[in-house]
Every structure is written in structure tokens, then in C-alpha cells.
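The values are calculated or read from the model by the stated rules, or taken from the named source; none is laboratory data. What you see is a predicted model, and the numbers here were worked out from it, not measured in a lab. Note that we place each Cβ from the backbone using ideal geometry, even for glycine, and neighbour counts take in every protein chain shown. Surface accessibility is based on the protein's heavy atoms, side chains included, excluding ligands, DNA and RNA. Shrake-Rupley method; radii C 1.70, N 1.55, O 1.52, S 1.80 Å.
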Amino acid sequence: MQALVIAAHGSHLNPDASDPTYAHADAVREAGAFDEVREAFWKEEPHFREVVRTLESEEVFVVPLFISEGYFTEQVIPRELRLEEWDPERWDSDGTDASQATLEATDVEKTVHYCGPVGTHDAMTDVIVSRAESVTDDPDVGEGVGLAVVGHGTERNENSAKAIEYHADRIRGRDRFEEVKALFMDEEPEVDDVTDYFESDDVVVVPLFVADGYHTQEDIPEDMGLTDDFREGWEIPAIVDGVRLWYAGAVGTEELMADVILERAADAGADVGDSIETGREAAESAGDDGTDPNAGAGAGD
Amino acid sequence: MSDPANRVEPLLESARDGGVRFDGFRLERTDGAYVLETSETDRIEFDEATADDALSTVAEYVSNWWYWQRVVEGDGTARRAFLRWCERAPPIEAEANGEIADADGIDGSREADERSLPVPDRYEALRDGVDREWGQLRITTRFVDVDEPDGERVYDLWHADDAGTDLAELDVYDDPREAREIATYDDDGRYRPLNTAPTLPSGWAFTGCSGEELVEAVEFFYPATVANWHRERLETLDVDHWLETAERQTGIYDVIDELPREAVDWMAEACCVDSQCLRRREWEYEADDELAIDGGDGQFPCREPCSLVIAAARKWTILESEDERTYELELTTSEFNQLAELIDAVAEGRTDEIREADVYDGANRYRARYLRAKRFDDGSLEARTRGEQ
Ligand code: SF4
């Protein structure tokens with residue numbers, strides 16, 4: 001038997017913070033590749049600490065629903081899972097290429113495949129593009145359009161910027177969008193000045209965050225000038241300095257994220273059969289009405 | 001579930017393959033004959049040709065064997081142990097391994113509740129349904145077919161407060177995942193960050209669940225409680241006490257191991273007592289240093305301080321680092337007592353219940369506003385600090 005654990009942050013204050021985790025877990029459940037699927041959290045239950053013991057499977061794949069390699073993925077999650085042999089060296093990564101490490105948890109007799117975060121997986125590039133397609137309602141979006149991938153920046157974690165740049169580079173390499181830029185909340189180039197960095201008349205802005213919350217629903221919309229007061233919402237697109245800004249909201253709410261989770265587990269040796277395909281078809285046939293970019297406002301903690 | 005007639009061959013096969021010893025039922029193959037024995041019936045011998053007849057005299061034992069060994073399966077799992085507890089079956093697997101210390105329960109208070117039923121009594125009880133409570137949940141185990149039980153059980157799950165409510169008045173669900181949604185908000189629509197807070201809303205029911213669905217739903221309501229309860233029964237619960245948990249923290253929680261010893265008592269009294277959390281706190285300050293407050297009577301254990309307590313501990317650690325001072329302020333005796341009433345009302349979550357015009361209650365809103373109008377200066381209590389030498 002094999003189990004999948006999706007490890008996410010969660011929140012004590014904002015009930016919506018875990019919604020994307022539940023949605024992706026349910027998509028993985030429906031894909032049917034795993035005997036057991038569990039959500040696990042730092043701030044909700046089951047806690048990282050106690051999730052593995054709730055499983056009957058001997059083989060457990062843990063996929064962190066985090067954007068970058070850093071404090072949570074390198075320290076908190078492995079420690080709380082009791083992966084004593086863990087060392088960030090086991091990922092052998094320079095910030096964006098962690099794949100997995102096979103370890104034993106000390107409180108259970110199980111093999112734990114500890115995977116890299118979803119945010120740095122190559123498949124995430126597709127999710128960002130797909131997000132741009134859904135917010136513009138244009139499956140061929142790209143020509144004459146700029147794309148901004150937005151992240152925290154280095155203040156909290158230097159790898160956070162690396163992950164943003166990694167995907168921006170990959171999308172740029174595809175020659176699909178007129179221009180592609182990585183922008184940040186707390187360092188240059190800053191998302192506040194988004195219109196300064198583009199020449200195109202249309203710019204799609206995709207924040208690389210796992211869930212909507214304070215940053216994506218309050219800070220960024222106000223900083224970019226989409227609205228003076230986030231509580232009043234904003235137009236999609238909104239005209240700022242003569243540029244049409246298509247603000248996508250957190251990429252982590254995109255349905256295709258379930259595929260990235262499956263890809264992560266598959267890379268670590270999970271037998272996922274054809275569930276990635278199946279999941280993708282299901283997501284496509286569900287159309288682009290699955291996510292409301294204005295849903296889930298509120299601060300995480 | 002299979003036709004009962006189709007269970008005979010698999011049962012005989014198990015008898016040939018090492019024998020069956022299960023729930024007061026014993027079937028072995030010796031020298032070309034099958035030997036059958038139960039807790040209530042004498043030993044009989046039969047062969048293949050008379051197997052159907054012989055086994056039909058102990059039909060309950062056969063269907064019970066089928067349900068547990070061929071439907072539930074999962075030997076040694078928490079899921080199986082929990083489902084057996086649900087119908088008051090003896091915890092046989094553990095007993096057989098000599099792992100269970102005392103089938104009568106973990107301590108005196110739960111002893112009566114742990115009485116287990118042998119198969120015939122259990123079959124009688126399952127016709128009406130066997131009820132169990134798990135935190136605020138009520139679980140009923142019953143036969144699918146009450147008139148001619150074929151061994152298959154189903155499980156109903158609802159709020160203990162709804163035990164007497166007609167099913168027609170409840171929102172009925174069948175997908176265990178719906179439990180996540182139900183558990184998210186309390187009756188006042190407020191977010192419940194602690195799943196085991198005694199604030200689970202009522203008015204819903206899951207009916208006719210399989211064992212697997214039941215455990216899944218219970219785990220969505222009260223995550224990891226089944227696994228930790230099971231470990232406790234096997235005496236393998238790994239408790240992490242306050243100090244080791246606090247010392248493990250990093251980042252913004254790195255400071256919490258500085259929380260003074262007595263503050264940990266106050267914290268447990270604030271957060272972990274039965275009125276606030278249905279888990280029974282098993283962690284102490286350290287293994288040989290118990291907290292002053294009792295861990296409570298919860299059905300399932302709490303094996304280490306939860307994330308909510310860790311987050312609150314950070315606030316208390318910062319607050320406890322302040323020096324104490326002596327304040328001088330003017331209050332009447334009643335005003336001084338009113339401060340206590342106000343704190344008490346908030347601590348007991350009673351403020352919503354105090355009626356608008358109940359000016360006899362010190363925590364009444366008008367009373368509080370009056371006190372503020374009289375004794376506040378610039379947004380805080382008017383007082384002088386006395387320099388302490
Ligand atoms: S630490 Fe206290 S409040 Fe938290 S789950 Fe345990 S008993 Fe409940």
C-alpha cells in the first residue's frame with residue numbers, strides 16, 4: 001500500500017487557508033492512485049507530527065505544498081515528521097532542484113519519501129501558464145502580452161526568489177509571451193511598480209503563492225494599484241497607468257496543482273499509473289470556473 | 001457482502017491453513033475431521049459433507065468471523081481496533097499477543113464503559129444498535145439486515161446532542177469528507193482552529209457508513225485521535241512533555257522553552273481542561289514533573305502540546321518576561337469585584353449570554369461601559385505606578 005501526505009501550512013485564524021490543500025487532496029483521491037491520501041498541517045490538524053501514524057500504508061510519499069525550499073521544507077516538516085536521518089544535503093539542491101529523499105520516521109515502521117516542494121517542480125511552470133490562460137479566458141494567451149510571476153523575495157528566504165526566477169526563465173524560454181518578468185514584494189524589481197517593467201499593453205500577474213490570503217488578496221492588489229481598498233475588490237482586467245493588468249490570484253488554487261503533487265510523488269517512485277492524465281482531463285473538462293480569484297481573502301498567520 | 005453460503009469454503013480453508021481462533025470461535029482440522037468449538041457450544045466434529053449443517057448451528061460465529069476477517073481485515077490496525085471498540089467487542093488481537101494490559105480500561109473512570117460483549121450478546125445488541133461516544137460524536141453500530149443478520153455492520157455517526165433528534169430533522173451526509181466542512185465552524189459561525197474543542201455544531205448525520213468511511217469521518221472531526229487512542233491501549237503512546245516539545249521549536253517559537261514553570265500550569269488550565277478541549281492531556285512539564293492541573297477525562301489522549309498551545313505559549317513567554325509592578329488606583333469594592341466578574345465572563349465565554357438589561361451582572365455591557373466612562377483616562381485604567389525598591 002502507498003499513501004500520499006500533502007503537507008501544508010494551514011492557519012489558526014483563517015479558515016480558508018486550507019481550502020486549496022483540501023481541493024488538491026480530493027483531486028488526488030479521485031485520481032485513485034493512492035490507497036490513502038491525507039492533508040497535514042503546521043497550524044491545523046492532523047499536525048505534521050501525527051499524520052504518519054494515521055496511515056496503514058508502509059510506503060508514504062510526503063509532498064510539501066510550499067513554494068520554495070527553505071525553513072519549512074528543510075527544517076520544520078522533516079523535524080516534525082521525525083525524519084531523524086534527514087539533512088538538507090539529501091536533496092542535493094541549489095535551491096530549486098530538490099526531488100526526494102528516502103527516510104524512516106522514528107515513530108512508525110514506514111518508509112517516508114520526502115519530496116521537494118511543489119513550487120519548484122518543472123510542472124509548476126505549466127500551472128502558471130494555465131493560470132494566465134484562465135484569468136484571461138484565452139487558451140492561446142501570449143502574443144502581445146506580458147507575464148509577471150510574483151513572489152515574496154529574499155527577505156524571508158533566498159530560495160523563494162530563486163523559485164520565482166526559475167519559472168520566469170522557463171516561460172521566457174518558451175517564447176510564448178511578449179515579455180516575462182519575476183517581480184517581488186520585498187525587493188527589486190518590486191511588484192508595486194509593475195507597469196514600469198513592461199512595454200506591453202496587457203500584463204498578466206500571477207503570484208506564486210500556495211493559497212490566497214493576506215499577501216495575494218490585500219497587499220499585492222493594493223500595491224499594484226488595482227484598488228485603493230482590497231475590501232472593495234478590483235476589476236479583471238484593471239487599467240493601471242494605461243496598462244491592462246490581469247491579476248490571477250494565488251497560483252496554488254489552480255486545479256492543475258493536483259498534477260504537480262502527483263508528479264512530485266511519481267518522481268519519488270510512487271506508482272501513479274495514468275492518474276496524472278486522468279486528472280488533467282477532469283480539470284480541463286471542469287473548465288475554468290473552478291476558482292474565483294477573489295475568494296479566500298483574509299490573513300493567514 | 002457475500003451470500004452466507006459462500007463463506008463456508010473460505011472458512012474451511014482457513015481451518016485447514018493453520019486453524020481459526022477468533023472471538024470465542026475455534027475451528028481446526030485434525031486427522032481428516034474438522035473440530036468446532038465456541039464459548040457456549042460443546043466441541044463437535046464434522047467432515048466436508050456435513051460442514052454446512054454443522055456450521056449453520058453456529059451461524060453467528062461464522063458471519064462474525066467473515067465480517068472481521070474478510071470485510072474489515074487490517075489486523076493490528078487502529079481502524080480495526082476502533083471498529084471493535086464501537087461494538088464492544090473484546091480487543092482480541094492485542095490480548096492474544098499479550099499486549100493489552102487490562103481489557104477493563106485504562107483507568108477506573110472508564111472501566112465500566114469498557115465492558116466487552118461476547119458474540120451472542122453482541123449480536124443481540126447489534127440488532128438495536130450499539131452506541132458509543134467519542135468526544136462529542138455518537139457512533140451507532142448496527143446490522144444492515146436486522147431481521148436476518150448476515151454479519152454485515154454499518155455505522156451511523158452524529159452529534160451526541162442529537163441522540164434524541166429525529167433523522168428527518170438532520171442534514172444527512174454520506175461522504176466522509178463533508179465532515180471537514182462541518183468541523184470548520186461552530187454554531188455561531190466562528191472558525192474552530194482546534195478540532196477537539198467542545199464546540200462541534202450539531203444538526204447533521206452520516207448514516208449507513210462502512211467501517212472505513214466511519215473511521216475516515218471520525219478522523220476528519222478529530223484528527224489522529226484513533227491512532228493515538230490505539231497506541232495508548234497498546235501502551236505504546238509516545239508522550240512528548242512540555243519541555244522537550246518547547247526545546248524542539250525553532251524560528252519564532254524558539255523562545256517558548258523560557259516560559260516559567262508555573263506559567264505552564266496556568267497555560268494548561270487555560271487551554272487543556274475538558275471545558276476547552278476534549279483530548280485528555282497526557283503531557284506534563286517533564287516526565288517526572290507533573291502539572292498542577294488534571295489532564296481531564298477525555299476518551300482519547302493528547303500526546304504533546306498542540307500547535308494552538310505552542311502559538312499561545314509564545315505570547316505568554318513574551319508577556320511573562322515583563323517585570324511586575326505595583327499600581328495604585330481608586331476603585332470601590334464593587335468596582336474591584338466587577339473586574340473579576342468581567343475577566344471571569346470572558347474566560348468562560350459567557351459574554352454573549354448576558355442579557356442587555358441585566359445590569360446586576362458585572363460583565364453586562366452597560367456596566368462595563370459605565371466603568372470605562374468613570375475610570376478610564378486616555379483609553380486605559382487611570383492608575384499610578386509605585387516605584388518598587
Ligand atoms: S495541548 Fe491542550 S488544547 Fe491542545 S490538543 Fe492537547 S489537550 Fe487539547
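Annotation: of all residues in the stretch A:79-103 being farther than 23 Å from residue B:247 by Cβ and charged (D, E, K, R), the one that is surrounded by the most Cβ atoms within 10 Å (Cβ to Cβ) is A:90. Residue A:254 meets the conditions (1) under 30 Å from residue A:2 (Cα atoms); (2) modelled with pLDDT under 80 in every case but one. The failed one is (2).
Confirm whether residue B:344 is closer than 30 Å to residue B:374 by Cα, more than 14 Å from the ligand (Cβ to nearest atom) and out of contact with any Leu (no Cβ under 8 Å at 6 or more places or on another chain). Walk me through how you get there before you give the answer.
Values: closer than 30 Å to residue B:374 by Cα: yes; more than 14 Å from the ligand (Cβ to nearest atom): yes; out of contact with any Leu (no Cβ under 8 Å at 6 or more places or on another chain): yes.
Yes, satisfied.
Name the single residue that is farthest from residue B:274 (Cα to Cα) among those in the stretch B:301-318 being within 11 Å of chain A (Cβ to nearest Cβ) and among the small types (Gly, Ala, Ser). Filtering the stretch B:301-318 for residues that are within 11 Å of chain A (Cβ to nearest Cβ) and among the small types (Gly, Ala, Ser), the one farthest from residue B:274 (Cα to Cα) comes out as B:311.
Any idea which residue in the stretch A:65-87 is nearest to residue A:38 (Cα to Cα), counting only those that are part of a loop (DSSP other than H, G, I, E, B) and within 18 Å of the chain's Cα centre (by Cα)? In this case the residue turns out to be A:65.
Look at the stretch A:8-21 and say how many of its residues are assigned to a helix (DSSP H, G or I) and either surrounded by 24 or more Cβ atoms within 10 Å (Cβ to Cβ) or touching a strand residue (DSSP E or B) at 6+ places or on another chain (Cβ under 6 Å) (or both). Working first, answer last.
Residues of the stretch A:8-21 that are assigned to a helix (DSSP H, G or I), as a first pass: A:19-21.
Imposing the further condition that a residue be either surrounded by 24 or more Cβ atoms within 10 Å (Cβ to Cβ) or touching a strand residue (DSSP E or B) at 6+ places or on another chain (Cβ under 6 Å) (or both) reduces the set to A:20-21.
Looking only at that region, the number is 2.
Residue-level check: of (1) surrounded by fewer than 19 Cβ atoms within 10 Å (Cβ to Cβ); (2) more than 30 Å from residue B:124 (Cα to Cα), residue B:179 misses just (1). From the set of residues in the stretch B:247-286 that are touching a strand residue (DSSP E or B) at 6+ places or on another chain (Cβ under 9 Å) and basic (Lys, Arg), which is nearest to the other protein chains (Cβ to nearest Cβ)? The selected residue is B:279.
How about the stretch B:290-321: which of its residues are open to solvent by less than 60 Å² (accessible area, probe 1.4 Å) and either assigned to a helix (DSSP H, G or I) or free of Cβ contacts under 8 Å to residues at least 12 places away in the same chain (or both)?
Let us first name the residues in the stretch B:290-321 that are open to solvent by less than 60 Å² (accessible area, probe 1.4 Å), namely B:291, B:293, B:295-296, B:298-313, B:317.
Answer for the stretch B:290-321, where residues must be open to solvent by less than 60 Å² (accessible area, probe 1.4 Å) and either assigned to a helix (DSSP H, G or I) or free of Cβ contacts under 8 Å to residues at least 12 places away in the same chain (or both): B:307, B:308, B:309, B:310, B:311, B:312, B:313, B:317.
Name the residues in the stretch B:240-252 that are in contact (Cβ under 8 Å) with a residue 40 or more places away in the chain and open to solvent by 40 Å² or more (accessible area, probe 1.4 Å), would you? Matches in the stretch B:240-252: B:244, B:252. Restricting attention to the stretch B:200-212, which residues are crowded, with 19+ Cβ neighbours inside 10 Å and either of a type in the set (Lys, Arg) or under 27 Å from residue B:304 (Cα atoms) (or both)? If the condition is that a residue be crowded, with 19+ Cβ neighbours inside 10 Å and either of a type in the set (Lys, Arg) or under 27 Å from residue B:304 (Cα atoms) (or both), then B:200 is the only one that fits. With respect to residue A:44, determine if the residue is in contact with a helix residue (DSSP H, G or I) (Cβ under 9 Å, 6 or more places away or on another chain), part of a loop (DSSP other than H, G, I, E, B), at the interface with chain B (Cβ under 8 Å from one of its Cβ atoms) and open to solvent by 30 Å² or more (accessible area, probe 1.4 Å). No, not satisfied.
If the condition is being more than 8 Å from the ligand (Cβ to nearest atom) and under 10 Å from the mean Cα position of the chain (by Cα), then the stretch B:277-304 contributes B:299, B:300, B:301. Counting the residues of the stretch B:322-333 that are open to solvent by 80 Å² or more (accessible area, probe 1.4 Å) and within 24 Å of residue B:261 (Cβ to Cβ) gives 4.
Only helices (runs of 4 or more DSSP H) whose full extent lies in the stretch B:209-264 are considered here, and the ones with at least 1 residues that are of a type in the set (D, E, K, R) and within 12 Å of the chain's Cα centre (by Cα) are B:211-221.
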